[in-house]
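The values are calculated or read from the model by the stated rules, or taken from the named source; none is laboratory data. Model, not experiment: these values are computed from the prediction. Here the Cβ is made from the backbone with ideal geometry for all residues, glycine too, and neighbour counts use every protein chain on show. Calculation scope for accessible area: heavy atoms of the full protein, side chains included, ligands and nucleic acids excluded. Shrake-Rupley method; radii C 1.70, N 1.55, O 1.52, S 1.80 Å.
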Amino acid sequence: MRAWICIIALSLTAFSFAPAAAAQEGHPLKGSWLGTWGPSQNHADDVLVVLKWDGKAISGTINPGTDNIPIKNATLTPEGWQVHLEGDGKDKAGKLITYIIDGKIENLGLPHRSITGTWKAGTESGPLKISRQ
């Protein structure tokens, strides 16, 4: 009987901490975002965006790895949850090109929220959809 009381007490204690742990989301943009960008919905390339929050500014990288595009300017407007990201990369010829992502956070209350919007790089542009992993 004593063992059951201990098990029940420990279970209730553990479950009492679950809501607090679930509420620890942090900054809405922090994390890894995976999705697609391209000239159309039918022809799109995979994209990975890693965003960080240091308590003052948003930083990160678009396509970390061989195609590193460091984010030089990032803003989040809470009214409407509008996101703006800019980063300088290089095209296939090695020429400097500025990448711009503009979008809106959807499903903000969910851990796997998404950003839907557009991207632009030089004369190219198209739809973007990335989801937080």
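Taking every lysine pair in segment 46-133 that is 8 or more places apart or spans two chains, those with Cα atoms closer than 29 Å amount to 28.
Other residues with beta-carbon under 10 Å from the beta-carbon of Ile105 carry, at +1 per Lys or Arg and -1 per Asp or Glu, a net charge of +2. Summarising the overall dimensions of segment 53-107 from its C-alpha atoms, the Rg and Dmax are 12.7, 39 angstrom. Each Lys or Arg adds one and each Asp or Glu subtracts one; over the other residues with Cβ under 10 Å from the Cβ of Trp81, this totals 0.
Electrostatic bookkeeping for Thr36 treats Lys and Arg as +1 and Asp and Glu as -1; over the other residues with beta carbon under 14 Å from its beta carbon, the sum is -1.
Note on Leu96: accessible area approximately 110 square angstrom, rounded to 10, probe 1.4 Å, nucleic acids and ligands left out.
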